[in-house]
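Engineer: Just passing along the structure, written as structure tokens.
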Amino acid sequence: MTSSPLTRTPEGAARNAVEVRMEGLSRHYGAVVALDRLDLTLQPGELVALLGPSGCGKTTTLRLLAGLEDADTGHITVGGKDITRLSAAKRDMGMVFQAYSLFPHMTVRQNVAFGLRLRRVGAAQRDKRALEMLDLVGLSTQADRYPHQISGGQQQRVALARALAIEPQVLLLDEPLSALDAKVRAQLRDEIRRIQLEVGITTLFVTHDQEEALAIADRVGVMREGRIEQLAPPTEVYSRPATSFVAEFVGLSNRLTGEVRGGEVTVRGRTLPLVESNVPDGQVVALVRPEAVTLASHTAPEPGPLVGTVIAVTFLGATSRVTVDLGDITILAQLSTSDAAALPAGSRVALTIRPDPVLVSADAASAGPAAEEEA
Amino acid sequence: MAAVTALGETPAAESASHPRGMQSRRRRRLNLFRYVVFTVFGLFFVLPLLAMARFSLEGAKLGTWSLTAWRQIASYQGTGIPPLLSAIEITLELAVITCVVTLALLVPTMIWIRLRVQWLARTMEFLCLLPLTIPAIVLVVGLGRIYNRIQHYSLSALMLFWVYVILALPYAYRALAAGLSAIDVTTLSEAARSLGASWFTVIVRVIAPNMRQAILNALLLTFALVLGEFTIAYLLLYTNLQVELYSISRNTPNAGVLFSTSFAALLFAFALLLILSYAGRRRRGRG
């Protein structure tokens with residue numbers, strides 16, 4: 001399957017889409033707090049991705065919503081109806097799991113039709129619907145195969161078709177791509193988004209892969225220690241992170257010591273605007289994205305705060321990451337590969353930092369040269 | 001120069017061929033060892049069976065052949081004991097009842113423990129394996145009082161199924177535990193639940209069909225155990241197949257029917273084993 005342009009179909013978004021509201025959800029495992037009074041609302045037809053490190057509570061959130069675990073406190077409403085105490089079997093949610101979850105003793109077609117069979121849909125209609133769903137994920141030719149006879153990527157597509165076959169109110173995706181190789185992952189990621197837009201279903205997607213989350217979500221929720229640190233569109237999460245944790249978790253950041261004065265921060269002689277204007281004056285660590293750093297050949301012998309030597313160039317495809325030694329610290333810059341080719345290791349370069357708003361961290365006192373390296 | 005090269009090459013070639021030669025010698029020795037072990041153990045098992053078959057086909061005069069003992073299976077009646085055929089029937093019925101009860105108890109319980117109360121798994125394992133460590137005589141002493149009560153209501157040997165279920169627990173448990181550990185029970189059940197399945201449907205339509213081979217293995221072990229059980233039936237004064245054979249042997253030590261019936265029971269167990277393993281393999285091949 002090739003991915004189609006990821007545009008929302010208005011009629012799809014409007015059809016049957018419901019709002020999902022989670023309020024004050026908490027979940028403890030003994031002394032460990034997995035979820036701490038979490039509030040999250042998914043708009044009808046919206047795809048929200050929860051992103052965060054292991055143990056941050058993203059999967060717990062999804063499992064509470066699915067009814068596979070019970071919340072200690074809080075409420076969940078779907079389409080205005082309180083489902084907090086409803087069992088998983090009655091919640092009307094389609095779910096795709098991280099592990100392959102197809103029933104091994106059933107064919108692909110039987111797997112997709114399983115939920116319909118439980119709903120006592122007639123055999124002919126069940127079969128028709130199963131084939132429609134398989135067609136949606138591009139696997140109608142594999143209908144009579146058993147799960148072990150198809151690839152991992154195909155199994156996850158069938159799982160998606162099975163989840164959608166019952167026409168659920170909400171689609172839950174629990175790291176469905178993490179067991180797949182990079183190429184299949186990217187392909188299936190786009191396909192999930194295409195289908196989600198086509199069906200117009202409210203979707204919660206849990207992942208630890210920031211690229212995945214930023215690529216397909218309408219909004220990304222970055223989680224830490226059972227709470228959402230920031231919930232915003234992907235571009236905002238990336239370019240205007242709400243906290244230093246978000247800035248460091250989403251993308252790479254250079255940690256550079258600087259001084260805040262009058263709502264601006266001065267980093268190595270360069271003055272940059274701040275994301276938050278109410279930062280008190282004093283020493284801080286500024287978080288600067290590698291793509292905000294540009295490099296140019298520097299032939300003059302005199303040193304400067306933003307003059308250094310290229311020590312490594314990492315090829316990433318269309319772009320390259322260049323590591324520059326400034327004497328007291330190293331700094332990362334992300335350039336197009338053609339620009340980076342002109343700056344081999346050992347080149348003297350002058351750095352320019354683009355005046356994008358930067359986030360500052362208050363732990364400036366503890367930030368020495370080593371801490372100023374790549375986060 | 002050529003001589004030097006040749007001289008230089010010879011030891012290298014030798015040293016290269018040396019390990020290969022040693023390896024093939026070692027492999028040959030290992031193969032020989034395997035054949036010897038296989039033959040010795042094969043004879044150890046097959047010779048008594050052949051002897052049993054030969055005895056069951058012994059004619060009236062020594063050295064002659066006859067099918068009389070095999071024909072007698074259906075009609076043999078010893079003095080003071082029930083007909084052989086009724087002992088066979090009761091043993092087969094017992095085996096079926098024991099299999100059904102054991103599986104009906106164990107399969108849902110084990111799945112439920114795996115899914116919902118994992119902390120009970122160790123206790124369950126301990127309880128199920130316990131009968132292995134208790135000698136039959138101790139079991140009989142313990143169960144004697146209960147069977148006294150049971151015998152007030154029914155004297156049928158079918159009542160032995162209570163104790164046979166206990167005896168079969170360790171074997172059936174091990175077989176089922178192996179099957180359960182081979183599938184991702186949690187994910188499969190959660191997937192089924194999210195699609196609207198009740199717990200009953202999860203167990204019956206999702207998990208159990210994926211434990212087919214394990215269930216067949218548990219079935220076979222339980223069946224074989226009941227077919228061969230003597231001690232408890234004898235001590236509790238019931239007559240099953242083994243007790244019947246023992247009684248015949250005491251009254252008529254040379255009766256050919258002893259050998260034909262024992263051999264038939266063995267063949268039956270082997271046939272069952274073949275059928276069950278074939279059924280399991282067919283399923284695996286398909287599914």
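The values are calculated or read from the model by the stated rules, or taken from the named source; none is laboratory data. Quick caveat, the model's predicted, so the values are computed rather than measured. Heads up, the Cβs are rebuilt from the backbone with ideal geometry, glycines too, and the neighbour counts pull from every protein chain shown.
Engineer: Any chance the range A:96-115 includes a residue that's buried (at least 17 other Cβ atoms within 10 Å of the Cβ), in contact with a Leu (Cβ under 6 Å, 6 or more places away or on another chain), touching a residue at least 24 places away in the same chain (Cβ under 8 Å) and closer than 28 Å to residue A:237 by Cα?
Structural biologist: Yes, the range A:96-115 contains a residue that is buried (at least 17 other Cβ atoms within 10 Å of the Cβ), in contact with a Leu (Cβ under 6 Å, 6 or more places away or on another chain), touching a residue at least 24 places away in the same chain (Cβ under 8 Å) and closer than 28 Å to residue A:237 by Cα.
Engineer: Given the conditions (1) farther than 18 Å from residue B:277 by Cβ; (2) at pLDDT below 95, which single one is not true for residue B:182?
Structural biologist: Here residue B:182 meets the rest and fails (1).
Engineer: Limited to the range A:61-85, what total is found for residues that are within 12 Å of chain B (Cβ to nearest Cβ) and farther than 15 Å from residue A:204 by Cβ?
Structural biologist: At the first step, the residues of the range A:61-85 found to be within 12 Å of chain B (Cβ to nearest Cβ) are A:62-63, A:65-69.
With the extra rule that they be farther than 15 Å from residue A:204 by Cβ, the set shrinks to none.
Number satisfying all stated conditions: 0.
Engineer: Further question on the same structure: For residues that are buried (at least 18 other Cβ atoms within 10 Å of the Cβ) and part of a strand (DSSP E or B), tally how many sit in the range A:275-299.
Structural biologist: Residues meeting the conditions: 7.
Engineer: Sort through B:173, B:153 and tell me the only one that's farther than 28 Å from residue A:158 by Cα, more than 16 Å from the chain's Cα centre (by Cα) and of a type outside the set (Gly, Ala, Ser).
Structural biologist: Numbers: B:173 fails: more than 16 Å from the chain's Cα centre (by Cα).
So the residue among B:173, B:153 that is farther than 28 Å from residue A:158 by Cα, more than 16 Å from the chain's Cα centre (by Cα) and of a type outside the set (Gly, Ala, Ser) is B:153.
Engineer: Would you call residue B:208 within 14 Å of chain A (Cβ to nearest Cβ), part of a helix (DSSP H, G or I) and aliphatic (A, V, I, L, M)?
Structural biologist: On the way: within 14 Å of chain A (Cβ to nearest Cβ): yes; part of a helix (DSSP H, G or I): yes; aliphatic (A, V, I, L, M): yes.
When the stated conditions are applied, residue B:208 passes them.
Engineer: A further question on this structure: Could you give every pair whose Cβ atoms fall below 7 Å, whose first residue belongs to the range A:137-155 and is within 11 Å of chain B (Cβ to nearest Cβ), and whose second residue is among the acidic types (Asp, Glu) and buried (at least 16 other Cβ atoms within 10 Å of the Cβ), counting only separations of at least 6 or pairs across chains?
Structural biologist: Filtered contacts from the range A:137-155: no entries.
Engineer: Taking the condition closer than 30 Å to residue A:117 by Cβ and of a type in the set (A, V, I, L, M), does residue B:185 pass? It would help to see each step written out before you state the result.
Structural biologist: Values: closer than 30 Å to residue A:117 by Cβ: yes; of a type in the set (A, V, I, L, M): yes.
Taking the combined requirement at face value, the residue satisfies it.
Engineer: Restricting the search to the range A:93-123, which residues are more than 8 Å from chain B (Cβ to nearest Cβ) and small (Gly, Ala, Ser)?
Structural biologist: Listed by number, the residues that qualify are A:113, A:122, A:123.
Engineer: Let me ask something else about it. With respect to the numbered conditions (1) in contact with a Pro (Cβ under 8 Å, 6 or more places away or on another chain); (2) within 14 Å of chain A (Cβ to nearest Cβ); (3) farther than 13 Å from residue B:107 by Cα, which one is the sole condition not fulfilled by residue B:199?
Structural biologist: Evaluating residue B:199 over (1) in contact with a Pro (Cβ under 8 Å, 6 or more places away or on another chain); (2) within 14 Å of chain A (Cβ to nearest Cβ); (3) farther than 13 Å from residue B:107 by Cα leaves (1) as the failure.
Engineer: Here's something else I'd like to know. Tally the residues that are farther than 19 Å from residue A:221 by Cβ and not hydroxyl-bearing (Ser, Thr, Tyr), restricting the search to the range A:241-279. Walk me through it before giving the result.
Structural biologist: Filtering the range A:241-279 for residues farther than 19 Å from residue A:221 by Cβ gives A:252-274, A:276-279.
Retained after the next criterion (residues that are not hydroxyl-bearing (Ser, Thr, Tyr)): A:252, A:254-256, A:258-265, A:267-270, A:272-274, A:276, A:278-279.
Within the range A:241-279, residues that are farther than 19 Å from residue A:221 by Cβ and not hydroxyl-bearing (Ser, Thr, Tyr) number 22.
Engineer: I've got another one for you. Out of all the residues in the range B:60-78, is one or more buried (at least 20 other Cβ atoms within 10 Å of the Cβ), part of a helix (DSSP H, G or I) and hydroxyl-bearing (Ser, Thr, Tyr)?
Structural biologist: Checked the range B:60-78: no residue is buried (at least 20 other Cβ atoms within 10 Å of the Cβ), part of a helix (DSSP H, G or I) and hydroxyl-bearing (Ser, Thr, Tyr).
Engineer: Among all residue pairs at least 6 apart or on different chains, which show Cβ distances below 6 Å where the first residue, located in the range B:174-189, is more than 9 Å from every other protein chain (Cβ to nearest Cβ) and in contact (Cβ under 8 Å) with a residue 12 or more places away in the chain and the second is polar (S, T, N, Q) and surrounded by 18 or more Cβ atoms within 10 Å (Cβ to Cβ)?
Structural biologist: Here the result reads B:175/B:217, each pair linking the range B:174-189 to a residue that is polar (S, T, N, Q) and surrounded by 18 or more Cβ atoms within 10 Å (Cβ to Cβ).
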